[in-house]
Each structure stands twice: as structure tokens, then as C-alpha cells.
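Here the structure comes first, spelled out in C-alpha cells, and everything after it is commentary.
The values are calculated or read from the model by the stated rules, or taken from the named source; none is laboratory data. From a predicted model like this one, the values you see are computed outputs, not experimental measurements. Please note: Cβ atoms are built from the backbone with ideal geometry, for glycine as well, and neighbour counts cover all protein chains shown. Protein only, heavy atoms only, side chains kept; ligands, DNA and RNA dropped before computing areas. Shrake-Rupley method; radii C 1.70, N 1.55, O 1.52, S 1.80 Å.
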Amino acid sequence: MARILITSAIPYINGIKHLGNLVGSQLPADLYARYMRARSHEVMFICATDEHGTPAELAAAKAGKPVAEYCAEMWQVQKNLSDGFRLSFDKFGRSSSPQNHALTQYFAGRLAENGYIEEVTEKQVYSNADGRFLPDRYIEGTCPNCGYEKARGDQCENCTKQLDPTDLIDPRSAISGSTDLEVRETKHLYLRQSLLKDRLDEWIASKTDWPVLTTSIARKWLHDGDGLRDRGITRDLDWGVPVKRGDADWPGMEGKVFYVWFDAPIEYIAATREWADAEGLGEAAWRRWWRTDEGADEVRYVQFMGKDNVPFHTLSFPATIIGSGDPWKLVDYIKSFNYLNYDGGQFSTSQGRGVFMDQALEILPADYWRWWLLSHAPENSDSEFTWENFQSSVNKDLADVLGNFVSRVTKFCRSRFGEAVPEAGSYGPGEAVVAAELTERLAAYAAHMEAIDIRKAAAELRAIWVAGNEYLQEAAPWAVFKEDPDRAAAIIRFSLNLARFYAVLSEPFIPDASATLLKALKAEDAAWPQDVDAALSALPAGHAFDVPENLFRKITDDERAAWQERFAGGRG
RNA sequence: GGGCCUGUAGCUCAAUUGGUUAGAGCAGAGCGCUCAUAACGCUUUGGUUGGGGGUUCGAGUCCCUCCGGGCCUACCA
């Protein structure tokens, strides 16, 4: 048994996430966590909300609420949706937690002691009307290059030229539209990650088994221009972790907070501490996952994230950990994902285009989405959600192949033998062939899950389901029953055991259907099969069961058409 | 502008990292079965691997070039 630490990129607090966000980190992380638990490993699966930063403050203001209250409410909304999708976090924390405040300040203090923090005075645009400093992209104006009137302070969307906010003609606040802007001096802390460039470079170079997507982004940042640049880790905002040096005040930094991307990854650690605190456990309970001098040297740490998060997880966060000089656990493997597109374009929050987590659960149970999203996870390139594809995957894979297999076996048994596993007859060569095939497929399935090859694992699982229908067709118990009822009994006993076997193997992908099936079969043993022959005898002769309701219903053409229209966007 | 990824059957994706005749699922066609959610099984039709050139005994895979799609480019997170 091993110990596996799994973190999913933490979703931003501002609003409900869409299916692309879900499949980019939380859902595959959940699949992996469930699989590792099923294999009897000790798992710590961590997620949280990322609550700081300008967008959270603006969203709260728009909602007319104090930002703390807004975040607390949105945390609950996201927590409910996580539960709805059966995301099996051991802790769904909050980056605004006291634990994260303390740890973030601690890390900053350690980095300062070790010479990795620099104080820099710089000029930034301040909006008098908004009463705040404006991030570059919150300043709009006319592009000096192409004349586009809605160019942002960091880049012109029209001509793609990179800009400095002071380049803009007629600059105004993107928040209020106010032109009452001025340039003020402000002091910030910079993380001197350039000093760690060689160590990070060496570390990344050693990760030869990581996805290309992960390492190529890291290498680009390490080698672009003059190499890895230092990074500002503080902001002039109200909502965030106050800048402190450990427990001590930081002279000159009063009223400032740490930058969201400094405190967000630290929340992985802090959330584990939140878990330990909530469980009434001591310090050692969380530290054994994170401190290599306190047990974490035996931990395998795997992170899941969308490609936009890669630089922070491959560079900034490791720089924070290495720079602390403490034996904190560094990530062992990073699984990164491309984006999921929606029906020929992108998901769009502002245009209401695409399916969002709350809407998805309104129209269909979580398993339907989990299956489609995971079996089409954007691992190698951006992938595409279409309603036609979704409908055919759900109807074919879940309803026809798996659901109908369970249905035909349990109902046939009920009508011929009653609602208990039939006793007569014994397994023969036909069953041995299937068991041999399944032994091979089970090994392949496990190998893909270990390697986090999600689509391949899904394809293998489907093939395992199909094997049941092939067997049933070949064995034809409905015909055999007329001549040799004992033989038919053995076939059905084997098939009922296949159904239990499927419930166990499918749990990481479709936990609800798996639970429903196990319950109907009254199966006490849901352990991962060590031996396929043994597993296919787990339900003994005479074992009573219930015929379950259909595990999955089909999506009709009318529903598909209606949903396609409803989620097309255009603010309708 | 720079960097990276990507283009394979009507659709969604594979192809053991340069190795026989490029494979699956869905959709289409035919046959079979009647236990089951009009479900299942078997057979089968679909490809100049975006175009062109090159390296090699051998290229979907490597190189050059052109065309298309996407992401990143450090103050959104």
C-alpha cells in the first residue's frame, strides 16, 4: 500500500464553473483518487476555492455584498456542485482560511530570511473614482498602434500588440469608466525565482515522463528571453492574505495583501491542515503528507490542472517550496489538460454559451456527464463537446452496453429462476475463455489508470462491458434453458457475477450507478478483484438479489434538440 | 512578432515513439438472435494520414515549406 496525495487546481470563487473547467482538473483528479482508493492505497485528495484577487472583489461589489460574505456563499454553491458531481475530496477548503493565512505568511517569512524576497518600488495606475489600483487589463483605452478603442492595458485584442497601460490614449477604468486616473508609486514584494532558475531547470529536465504539455510550458518560461523572471507576489487590495513576515509585521507593506497566485497553491497544504483541524486530528496528521522529514518522503504527489495553470505549478510554487529551505513535498507528477470546446466554439460565461455545472445536474445525473467527459478528456489536444456525440455516447455506452446487459441478465434470471443466484450447473470452457479475456483486459485497464491515460482507460472499461454481451449472445441461455436448465443456470450465475464485477470496476467513472448496482445485487464484497476467476464466483449460488431499475435512461432526439438550443448562448 | 501544440474514415479518437496490409467506437449496409432499455451479436462499406518537397531499406511518425485550428507570451485567475 502506498500513500497518494492528489490535488486538483482550485477553482476561482467567482461564479459557477462550466464542464470544461470540470474536466480540466477536478473530474480526472477524482477518477484517479477513486481508483487509488479502490486499490487500497491511502489517499489524500484536496481541492478548495481560490478566493482572492480583483475579480472576487468586483463580483462581490456587483452582488452588493461584502466580499467575505460573497465568498462564503459562493464556496457553498461550489461545494454543493462538487458533491452533486460526486467529487470525493477529503477536503474542499478555502484559500481564505486562517490556516492559509498563517502558512502563506510563514512561507513569505522563510523566503525573506533566505534572501528570495526583494522589495521593489514601482509605478502603477490608480483610479480615484474606484479607490483602487488597477491591474493592467482593467484599464481600457485607444490602442496607439491600431486605433482600436477598447484596447486593454496589457495587450490590444485587435492588433495583438503588447502594451503598457501608459501607452493607451484616453485611458479609463474598465470597472467604472472613470478617466480620473493617476500614476502612483507603490511598493511590492518580488519573489526572486530567477535565483532558482538552474535548480528548477534541472528539476523539470528530470521529469521525462511528464506530459509534453506540462514540460514544454515550463521550459518556455525558463528559457524565454533572459530566463525566468522575478515575480511580484503582493497587491494593493483589501481582500487577501495580509502581507506579513511570518508572525511579524512587514514594515512598509501595511494594507497590502499577497498576490492570489502566491497563496493559492499554498492552500493545497493549508487545506490539508483544514482537514486535520476539522477532523480533530493533530499537526502530525497533515504534516505527514507534506513534510518529507515527517513521513511525506513516502508519498507520491500528483497534481491535476488545465494548461493555463502550468507555469505556477511548475515554477512559482516549486520556487516557493525550494526557497523556503524547508523539507516540503514537491510534486512528483503533473497531469495537465487542454481545453474542452463547446459545439464549434468556446464555452463562454459572459455569453451563457455552453453547459455549466449547475445546469448539467439539472438535466441529467452526474454519471452521464462523468462518463462522457472522462471518456473524451482533452488529454492530447483541445477536444469538442457536441450534443450528438454526448447523446450517442450516453445511449450506446451506458444504456445499451452496460445498462441493458444488467437488465437482460437480472430479468431473465427472475423469470426463469427467481430473484436469487441459480445454483445448478457448473462453469465450463466458455466461462474460462471469458475469464481469460477479462484478466487481460483488467490488467490493461489498471495500467491505463495507473498511467492516468483516461480516455484509454474508458475505452478499455467499455470493452470489458461489451465482453458481457458477447458472452451472453454466444452462451444463449434463453435457448439452452429449453433443453438443459442446469446449464442455463450456470450461465446466468456467471452473468450475474459479471454484473457485480462491472459495478466494482466502473466505480471510479460512474460511482452512483456502481452503488445502485451493488446494492441491488446485495453484494457485500466490492473490493478490487485480485483474481478474475475468484471475482466471478463472488456471488454464491442461492444469493438473493433485486432486479434494479434501469441504470441509465436514454437521451431522446427531442431533448437533445432542446438542450442544443437552450445552451447555444446569445444571452437568450 | 516569438514559443508550443494540433490537422488521421461522415463524426469522436487510436496507432507500442521510424517497422508488415493505418485501427476502434458511433453513424451507414447486410445477416443472425428474441433474454433485455426497438436492446444484443456477427459480417461489412468508408482513408493519397491538410497540400507539396526531402531524409531513409522503410514515414501518420523525422526535416523543410505552404495552408488551416488552438494555446501561451509573465498585472485575469
note = Residue set A:E440, A:E483; condition assigned by TED's automatic domain parsing to the domain that holds A:A523, more than 39 Å from the chain's Cα centre (by Cα), more than 8 Å from RNA strand B (Cβ to nearest atom) and modelled with pLDDT under 95; output residue A:E483
task = Run down A:L505, A:L472 and say which single residue is outside the structural domain of A:R86 (by TED's automatic domain parsing) and under 28 Å from the mean Cα position of the chain (by Cα).
result = A:L505
inquiry  = Anything in region A:179-195 that is within 12 Å of RNA strand B (Cβ to nearest atom) and in a helix (DSSP H, G or I)? List them, or say none.
reply    = A:Q193, A:S194
inquiry  = Can you tell me how many residues within region A:323-341 are more than 16 Å from RNA strand B (Cβ to nearest atom), more than 17 Å from the chain's Cα centre (by Cα) and not charged (D, E, K, R)?
reply    = 5
ask   = Does region A:497-507 contain any residue that is basic (K, R) and more than 9 Å from RNA strand B (Cβ to nearest atom)?
value = yes
ask   = Filter region A:221-251 for residues that are of a type in the set (K, R) and over 22 Å from A:D136 (Cα atoms); which is nearest to RNA strand B (Cβ to nearest atom)?
value = A:K244
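A quick yes/no check of all residues on (1) out of contact with any Lys or Arg (no Cβ under 9 Å at 6 or more places or on another chain); (2) within 30 Å of A:R192 (Cβ to Cβ):
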{"site": "A:V310", "(1), (2)": "yes, yes"}
{"site": "A:I322", "(1), (2)": "no, yes"}
{"site": "A:W328", "(1), (2)": "no, yes"}
{"site": "A:W369", "(1), (2)": "yes, no"}
{"site": "A:A377", "(1), (2)": "no, no"}
note = The lone condition A:V183 fails out of (1) more than 19 Å from A:S324 (Cβ to Cβ); (2) of a type in the set (A, V, I, L, M, F, W, C); (3) open to solvent by less than 50 Å² (accessible area, probe 1.4 Å) is (3)
ask   = Residues in region A:447-474 that are of a type in the set (A, V, I, L, M), near RNA strand B (Cβ under 10 Å from one of its atoms) and under 30 Å from A:A424 (Cα atoms): how many?
value = 4
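Do you know which residues across region A:370-387 are more than 17 Å from A:H448 (Cβ to Cβ) and out of contact with any helix residue (DSSP H, G or I) (no Cβ under 7 Å at 6 or more places or on another chain)?
First, pick out the residues of region A:370-387 that are more than 17 Å from A:H448 (Cβ to Cβ): A:372, A:381-387.
A:S381, A:D382, A:S383, A:E384, A:T386, listed by residue number.
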key: Residue list for region A:365-387, filter: in a loop (DSSP other than H, G, I, E, B) and at pLDDT 95 or above   = A:P365
Pairs, first closer than 16 Å to A:E254 by Cα in region A:184-202, second within 11 Å of RNA strand B (Cβ to nearest atom) and at pLDDT below 90, C-beta under 6 Å, six or more apart = A:E185/A:K123; A:T186/A:Q124
ask   = Just to be sure, is A:S176 outside any strand (DSSP E or B), not charged (D, E, K, R) and not assigned by TED's automatic domain parsing to the domain that holds A:A60?
value = yes
message = Of all residues being of a type in the set (A, V, I, L, M, F, W, C) and part of a helix (DSSP H, G or I) in region A:279-305, which is farthest from the chain's Cα centre (by Cα)? Just the residue, please.
response = A:A284
remark   = Wholly inside region A:1-115, strands (runs of 3 or more DSSP E) that include 2 or more residues that are within 13 Å of RNA strand B (Cβ to nearest atom) are A:42-49
ask   = What do you reckon, is A:A264 open to solvent by less than 30 Å² (accessible area, probe 1.4 Å) and away from RNA strand B (no atom under 15 Å from the Cβ)?
value = no
request  = Go through region A:133-155 and count every residue that is touching a residue at least 12 places away in the same chain (Cβ under 8 Å) and either more than 11 Å from RNA strand B (Cβ to nearest atom) or aliphatic (A, V, I, L, M) (or both).
outcome  = 10
Scope region A:539-572; condition exposed (fewer than 13 other Cβ atoms within 10 Å of the Cβ) and farther than 22 Å from A:A399 by Cβ; matching residues = A:P540, A:G542, A:A544, A:E565, A:G570, A:R571, A:G572
task = Can you confirm whether region A:353-362 contains a residue that is farther than 24 Å from A:A457 by Cα, touching a residue at least 12 places away in the same chain (Cβ under 8 Å) and within 12 Å of RNA strand B (Cβ to nearest atom)?
result = no
ask   = Do you know which residues across region A:413-426 are within 10 Å of RNA strand B (Cβ to nearest atom) and buried (at least 19 other Cβ atoms within 10 Å of the Cβ)?
value = A:C413
query = Is it true that A:S176 is away from RNA strand B (no atom under 13 Å from the Cβ), open to solvent by 50 Å² or more (accessible area, probe 1.4 Å) and small (G, A, S)?
reply = yes
Complete set of residues in region A:389-407 that are touching a residue at least 40 places away in the same chain (Cβ under 8 Å) and in contact with a helix residue (DSSP H, G or I) (Cβ under 7 Å, 6 or more places away or on another chain) = A:F390, A:Q391, A:V394, A:D397, A:L398, A:V401, A:L402, A:F405, A:V406
key: Candidates A:I6, A:I16 - the one that is β-branched (V, I, T) and at pLDDT 95 or above   = A:I6
